[in-house]
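J.: Got a structure for you, written out below as structure tokens; questions coming shortly.
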Amino acid sequence: MDGLLTFMGTGTSMGVPTLGCDCAVCTSDDPRDRRLRPSVLLTWRDPDPDGRERFVVIDTGPDFREQALRSRLKRIDAIFYTHSHADHILGLDDLRPLSFTAFRESGPIPLYASPETTEVLERIYDYTFSPHATYPNRARVRLEPLEERTTVHGVDFIRIPLLHGNMKIFGFRFGRTAYLTDVSAIPESSFALLEGLDNLIISALRYEPHPSHATVKQALGWSRRMGARQTWFTHIAHELGHEATNRTLPEGVQLSYDGLSFPVNLDNVSLNHAAPLSALAHCATPPPVNS
Ligand SMILES: [Zn+2]
Ligand SMILES: [Zn+2]
């Protein structure tokens, strides 16, 4: 199944331009140097007979409203959350108008989140999630546990455990694409979930080390190890100008930018060997047993 991935935001937590900064990147005329807070949108045609277009967003940061307008987003079928930091969750309330439409059609929009993220969302958005909430215009959304694999209208989202400083967070794999943001370390066991990628989207903050974000060098190392056909950097700080940085990156690695979009293969993969199920079809009949 084919889908389309769109970067809604590719900036670090402060966004680029960064407030109060006059550096070359923050004052650049290149639109690719303007980065909203990190998020991606995935769309595909539902394999069900109704064949509707489906829309899934990963993270709703403080720029979500602007990003949804730019992407002309009219519906959302599900949201996945990577973790509970402000730059990934503070747009949740702007889901309201889209959630009213979704609610009339199919009920509240599911928000898939880890226990840690759920706890923070319930605290910040008490007026939305509390069983005693009475605010009439609250978002029609429901928190759902983030399992190892979550299927949304035919597409599996596999959670990928990652470390962000000392915080345990999640990336996601869908088909042959993975989205790993805010990563500073990748547990060894997660690499098995990241084999056979066409597209690796991974955060690379800047060149200088940071306690909870990967540098360009670290991200390049992981990219080489995973051997994805194409690697896209995201969650980018103002130290990295788009054009100048891209010139220094090896073939198959590029900075992403807001609005960039490309087709992705969404055929579901098996967790154990991360091979596309379609590639296993020819093994469906067991070979004859020699006695
Ligand atoms: Zn972040
Ligand atoms: Zn973070």
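The values are calculated or read from the model by the stated rules, or taken from the named source; none is laboratory data. Only a predicted model underlies this, so the values are computations on that prediction, with no experimental measurement involved. Cβ atoms come from the backbone with ideal geometry, glycine included; neighbour counts cover every protein chain shown. These accessible areas exclude ligands, DNA and RNA; they are computed on the full protein's heavy atoms, side chains included. Shrake-Rupley method; radii C 1.70, N 1.55, O 1.52, S 1.80 Å.
J.: Give me the log10 of I(q) over I(0) for region 37-136 at q = 0.10, 0.16, 0.20 Å⁻¹, as the Debye formula computes it from C-alpha points; what are the numbers?
T.: The computed values of log10 I(q)/I(0) come out as -0.27, -0.70, -1.07.
J.: Based on DSSP H runs of at least 4 residues, each adding -39500 (n - 2.57), what is the mean residue ellipticity at 222 nm of the chain after dividing by all its residues, to the nearest 500 deg cm²/dmol? Before the final figure, lay out each step's value.
T.: Details: 7 runs with 54 residues, N = 291.
That comes out to -5000 deg cm²/dmol.
J.: Return the Cα extents of the chain along principal axes one, two and three, sorted largest first, each rounded to a whole Å.
T.: 76, 53, 35
J.: Here's something else I'd like to know. Enumerate the amide H contacts of Val141 below 5 Å, restricted to partners 5 or more residues apart or on another chain; note that Pro and chain-start residues carry no placed amide H.
T.: It is Ile109, by chain and number.
J.: Extension gain Thr101-Asp2, at 0.36 nm per residue separation less the Cα-Cα distance, in nm?
T.: Details: separation 99, 0.36 × 99 = 35.64 nm, distance 2.57 nm.
In short, 33.1 nm is gained.
J.: Over the heavy atoms of Glu119, what accessible area does a 1.4 Å probe trace out, to the nearest 10 Å²?
T.: Here the accessible area works out near 90 Å².
J.: Quick query: amide H of Tyr207 versus all other amide H atoms, modeled in the peptide plane; which residues come in under 5 Å with a sequence gap of 5 or more or a different chain?
T.: Hits under the 5 Å cutoff: Val216.
J.: Moving on to the next point. With every protein chain left in place, what is the accessible area per residue of region 85-184 in square angstrom, probe 1.4 Å?
T.: Per residue, region 85-184 has an accessible area of 44 Å².
J.: How large, in percent, is the carbon and sulfur part of the accessible surface of the chain at a probe radius of 1.4 Å?
T.: 52 percent
J.: Placing one identical point scatterer on every Cα of region 180-252 and ignoring solvent, what is log10 I(q)/I(0) from the Debye formula at q = 0.28 Å⁻¹?
T.: Taken in order of the listed q values, log10 I(q)/I(0) reads -1.47.
J.: Taking the Kirkwood radius as the inverse of the mean 1/r across Cα pairs, report the Rg/Rh of region 108-180.
T.: On the way: Rg = 14.2 Å, Rh = 13.8 Å.
My calculation of the ratio gives 1.03.
J.: Moving to a separate point now. Assuming R0 = 25 Å, what is the FRET efficiency of Asp126 and Met167, from their Cβ-Cβ distance, to the nearest 0.05?
T.: Computed FRET efficiency for Asp126 and Met167: 0.65.
J.: Using only the alpha carbons, work out the radius of gyration and Dmax of region 78-223 in angstrom.
T.: Gyration radius and largest Cα-Cα distance of region 78-223: 16.6, 50 Å.
J.: Would you grab the residues whose amide H sits under 5 Å from the one on Thr231? Only those 5+ places off in sequence or on another chain, please, with H modelled 1.01 Å from N.
T.: Placed amide hydrogens put Leu200, Val253, Gln254 under 5 Å from Thr231.
J.: What is the distance in Å between the Cα centroid of region 2-30 and that of region 198-220?
T.: 16 Å
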